[in-house]
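Novice: Take a look at the following structure, please.
The values are calculated or read from the model by the stated rules, or taken from the named source; none is laboratory data. All values reported here derive from a predicted model rather than from experimental measurement. Neighbour counts are summed over all protein chains in view; Cβ atoms, including those assigned to glycine, are modelled from backbone coordinates with ideal geometry.
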Amino acid sequence: MKGLLLMLYSLALTGTGTDPIVSGSFPWKADATIFKGKGAILAYHELKGNSMKPGDMKFYKADRMERFFIVKKGPVEVILGNKKYSVDKGSVIFLLPGDKLAFGTDGKNDVEFYEMVYSSIQKPDSARGREAGGSFVMNWNDMVFKPHDKGGVRQLFDRKTVMFNRFDIHITTLNPGFKSHEPHTHQNEEIILMLDGNAEMTVNTEKVRCKSGDAVYVASMVPHNLINTGKTPATYFAIQWN
């Protein structure tokens with residue numbers, strides 16, 4: 001009975017016929033789905049591209065799904081709860097189910113941002129998400145950059161959510177000619193999202209070129225690594241969950 005209820009819950013969220021997401025590179029698409037499907041942990045997983053013209057506003061309420069946003073082009077005004085934020089490229093916003101969020105422009109510039117919408121195969125745990133800290137905004141200018149011999153890293157967070165036992169995001173800056181690491185595998189699925197620069201990723205046995213704006217999805221236990229093939233630093237989000 002418990003298994004049947006879980007299956008019905010997943011179908012209610014996703015509908016039938018949702019295919020697994022295939023590892024590979026996906027280009028930026030404004031006001032469209034970049035990729036959509038299911039994974040090992042998520043019954044429904046969609047990455048969208050959104051754009052706004054000066055004077056536009058967008059409103060979100062995460063009902064049964066979590067949402068995670070990354071600003072691709074700013075600045076953008078964000079209202080979360082009773083607080084207003086002005087954030088720019090690279091900033092992130094995390095929205096737990098039930099919370100409300102508004103995006104607005106500064107009235108002068110176009111805005112672009114990624115929106116990740118997802119629900120877990122396992123039953124969501126609202127208490128776990130709230131106890132871990134709730135919804136939040138992280139301004140790029142407040143992120144701590146730690147340099148190293150290949151470039152540097154910004155560790156954003158490693159926390160529990162309503163949908164995840166663990167949600168881990170960091171931003172790597174890789175200098176020209178350097179590789180992230182030798183090809184490796186891990187249990188967690190991963191998204192590499194290119195904020196700036198040009199790179200080549202090994203994904204399984206394929207060589208995938210990726211440029212600013214592209215997203216690369218890596219399924220569980222698929223070998224992968226990244227090398228900066230450009231003449232300027234490459235900066236990218238590494239997003240993992242379990």
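Novice: Among Val162, Val144, Val153, which is assigned to a strand (DSSP E or B) and either farther than 30 Å from Gly55 by Cβ or at pLDDT 95 or above (or both)?
Specialist: Details: Val162 fails: assigned to a strand (DSSP E or B); Val144 fails: assigned to a strand (DSSP E or B).
Answer to the check: Val153.
Novice: Suppose we filter segment 71-106 for residues that are modelled with pLDDT of 95 or more and on the phi > 0 side of the Ramachandran plot; how many remain?
Specialist: Residues flagged as modelled with pLDDT of 95 or more and on the phi > 0 side of the Ramachandran plot within segment 71-106 amount to 1.
Novice: Turning to a different aspect of this structure: Tell me which residues, restricted to segment 112-171, are assigned by TED's automatic domain parsing to the domain that holds Ile21, of a type in the set (Asp, Glu) and farther than 25 Å from Ser86 by Cα.
Specialist: Within segment 112-171, Asp125, Glu131 qualify.
Novice: Name the one entry in Tyr60, Tyr44 that is surrounded by 15 or more Cβ atoms within 10 Å (Cβ to Cβ), of a type in the set (Phe, Trp, Tyr) and in contact (Cβ under 8 Å) with a residue 60 or more places away in the chain.
Specialist: Details: Tyr60 fails: in contact (Cβ under 8 Å) with a residue 60 or more places away in the chain.
Just one listed residue meets the conditions, Tyr44.
Novice: Please return the ranges of strands (runs of 3 or more DSSP E) entirely within segment 16-109 where 2 or more residues are touching a Ser or Thr at 6+ places or on another chain (Cβ under 7 Å) and under 30 Å from Ala127 (Cβ atoms). Can you show your working first?
Specialist: Values: elements: 24-26, 32-37, 42-52, 57-61, 66-73, 76-80, 83-87, 92-95, 100-104.
Filter on segment 16-109 gives 42-52, 66-73, 92-95.
Novice: What do you reckon, is Val162 aliphatic (A, V, I, L, M) and out of contact with any Cys (no Cβ under 6 Å at 6 or more places or on another chain)? Walk me through it before giving the result.
Specialist: Numbers: aliphatic (A, V, I, L, M): yes; out of contact with any Cys (no Cβ under 6 Å at 6 or more places or on another chain): yes.
Spelling it out, Val162 is indeed aliphatic (A, V, I, L, M) and out of contact with any Cys (no Cβ under 6 Å at 6 or more places or on another chain).
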